[in-house]
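The values are calculated or read from the model by the stated rules, or taken from the named source; none is laboratory data. The structure presented is a predicted model; accordingly, all values stated were derived computationally and were not measured. Note: ideal-geometry Cβ built from the backbone for every residue, glycine included; neighbour counts use all protein chains shown. These accessible areas exclude ligands, DNA and RNA; they are computed on the full protein's heavy atoms, side chains included. Shrake-Rupley method; radii C 1.70, N 1.55, O 1.52, S 1.80 Å.
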Amino acid sequence: MMALTPLNVLTLLPLAIFCVFLTVQWLALKRYKQEASVRDEELSSLRNELQTLMSCSQGVGASLHKQQRQIRNLLQRQDKIEQLDTGHTQYGQAITMLRRGADNQEIADSCGLSSGELDLIKRMNP
């Protein structure tokens with residue numbers, strides 16, 4: 001075995017420093033790999049959550065579209081009912097006016113009915 005002399009120590013010192021440097025670098029690399037693994041797991045989890053959210057949003061979008069279609073259909077039906085009701089309201093108003101004793105001209109002017117319609121209403125509501 002070789003004796004440790006100052007010259008031998010000075011010769012071996014750079015090698016020892018290099019070994020310490022390599023060990024520190026290896027430990028840092030190991031830590032970075034562990035952190036990268038954790039981040040990969042987090043990223044995978046976030047991807048799954050995003051996929052779930054996208055699926056839900058597609059379902060919500062389809063449901064919203066269906067509800068908009070239903071609302072549009074309901075509004076169209078309501079318009080049709082109001083149009084029908086408007087015509088019936090004129091006849092109902094004419095019947096009410098007849099029962100109160102209004103004359104034909106007053107009813108025709110107020111309800112916008114023809115004389116034939118007024119005659120029919122009078123015959124049906126004595």
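Numbers below:
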{"quantity": "Farthest toward positive dipole pole in the chain [+1 Lys/Arg, -1 Asp/Glu at C-beta], among 91, 50, 38", "calculated": "38"}
{"quantity": "Accessible area (Å², per residue) of region 21-94, counting only protein heavy atoms and a probe of 1.4 Å", "calculated": "90 Å²"}
{"quantity": "Residue 11/residue 34 FRET efficiency (R0 25 Å; Cβ-Cβ; nearest 0.05)", "calculated": "0.10"}
{"quantity": "Degrees separating the helix 115-124 axis from the principal Cα axis of the chain, which is the longest one", "calculated": "90 degrees"}
{"quantity": "Top of 98, 53, 13 by mean-square fluctuation, Gaussian network on the chain, Cα under 10 Å", "calculated": "13"}
{"quantity": "Stokes-Einstein D for the chain, Kirkwood Rh over Cα pairs, 37 °C, 0.692 mPa s (µm²/s)", "calculated": "136 µm²/s"}
{"quantity": "Residue-count net charge about residue 48 - beta-carbon cut-off 12 Å; Lys, Arg +1, Asp, Glu -1", "calculated": "-2"}
{"quantity": "Helical contribution to [θ] at 222 nm, DSSP H n ≥ 4, -39,500 (n - 2.57), averaged over the chain, rounded to 500", "calculated": "-32500 deg cm²/dmol"}
{"quantity": "Computed lengthening from residue 95 to residue 122, 0.36 nm per intervening residue step minus Cα-Cα distance", "calculated": "8.9 nm"}
{"quantity": "Carbon and sulfur %, accessible surface of the chain computed with the full protein complex present, 1.4 Å", "calculated": "61 percent"}
